[in-house]
Amino acid sequence: PAALEARSLTQRYGSLTALRGVSLRVEAGEVVAVTGPSGSGKSTLLHLLGGLDVPQEGEVWWAGTRVDTLDTQVRATRRAGQVGLVFQHHYLLDDLTVIENVLIPSRLAGQRDEARARDLLARVGLGGREAALPGVLSGGERQRVAVARALAARPATVLADEPTGSLDRANAQAVAQLLVNLAREERAGVLFVTHDDRLAAFADRTLHLLDGQFTESVPALL
Ligand code: ADP
Ligand code: ADP
């Protein structure tokens, strides 16, 4: 099965239609970028794909299992083991060390692989910072901890919202390369939303969202 599949997602906020029958597939081992102007529905789509919201119409499938119809708690448990999330607000727990933050999803999924967590931290340039508390880190460092955390439980799918948004060029490139390597080496499906062409260049293909639908060509406004 595909790592991730959306079938005809439609989502409305009152009279406003944020998504209009959006479908997509991300295969295992594939990296897909989603771009689109502000208000085009990117955040709504990511929340549905990650099972944080339930679609009003349509279906979401993770690795061959339909998840939008699952009980919220069951879906949350599945998410911990199957889907890595990197969102804008990083939600690091301030009273846990960096490595304990990275290990949160693995623990929820019933695994605890410290060697993996250390390796991921090294790969995002945070080797040696395992015992630090998030409060002493810069915004970019916190973002890189969130990336390591999203990958720690060996998820089949990674969903990321501007994962390099607060990173300098070198760190952005390291994170992009890590996501691609994860897709290739561990057969994960990776989907990220970005405005950064340098990040989009790492993807196998790019989907353009405009007014709640995918468009064939890049809108001139972008
Ligand atoms: P993007 O992430 O591309 O900026 P969003 O998914 O955040 O797009 O928003 C898509 C549309 O839905 C926008 O017109 C936005 O104003 C609207 N919208 C998003 N969330 C809400 C909400 N909670 N209530 C009402 N309208 C919303
Ligand atoms: P914004 O739409 O302002 O960019 P986000 O998309 O980062 O904000 O997050 C919106 C909501 O999604 C949060 O209020 C939270 O409930 C949920 N969320 C985001 N990331 C996670 C996560 N890693 N785990 C659980 N819930 C999350």
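The values are calculated or read from the model by the stated rules, or taken from the named source; none is laboratory data. Everything quoted here is computed from the prediction, not taken from an experiment. For neighbour counting, all protein chains shown are included, and Cβ atoms are generated from backbone atoms with ideal geometry for every residue, glycine included.
Observations on the structure shown:
- Test: residue in region 46-59 that is within 17 Å of H195 (Cβ to Cβ), within 15 Å of the chain's Cα centre (by Cα) and away from ligand 2 (no atom under 16 Å from the Cβ): no
- For the residues L210, L151, L159, L179, the requirement of being within 16 Å of ligand 1 (Cβ to nearest atom), in contact (Cβ under 8 Å) with a residue 24 or more places away in the chain, touching a strand residue (DSSP E or B) at 6+ places or on another chain (Cβ under 8 Å) and not β-branched (V, I, T) singles out L159.
- If the condition is being out of contact with any Ser or Thr (no Cβ under 6 Å at 6 or more places or on another chain) and over 16 Å from A170 (Cα atoms), then region 146-159 contributes A146, A148, R149, A150, L151, R154, P155, A156, T157, V158, L159.
- Selected residue [surrounded by 17 or more Cβ atoms within 10 Å (Cβ to Cβ) and touching a residue at least 60 places away in the same chain (Cβ under 8 Å)] from L9, L19, L48, L92: L19
- Listing of strands (runs of 3 or more DSSP E) fully contained in region 1-61 that carry 2 or more residues being of a type in the set (S, T, Y): 4-13, 16-26
- Which listed residue is out of contact with any Lys or Arg (no Cβ under 9 Å at 6 or more places or on another chain) and under 28 Å from A33 (Cβ atoms), from A115, A188, A131, A170: A170
- Residue in region 63-80 that is modelled with pLDDT of 95 or more, closer than 23 Å to E185 by Cα and either within 14 Å of ligand 1 (Cβ to nearest atom) or surrounded by 19 or more Cβ atoms within 10 Å (Cβ to Cβ) (or both) present: no
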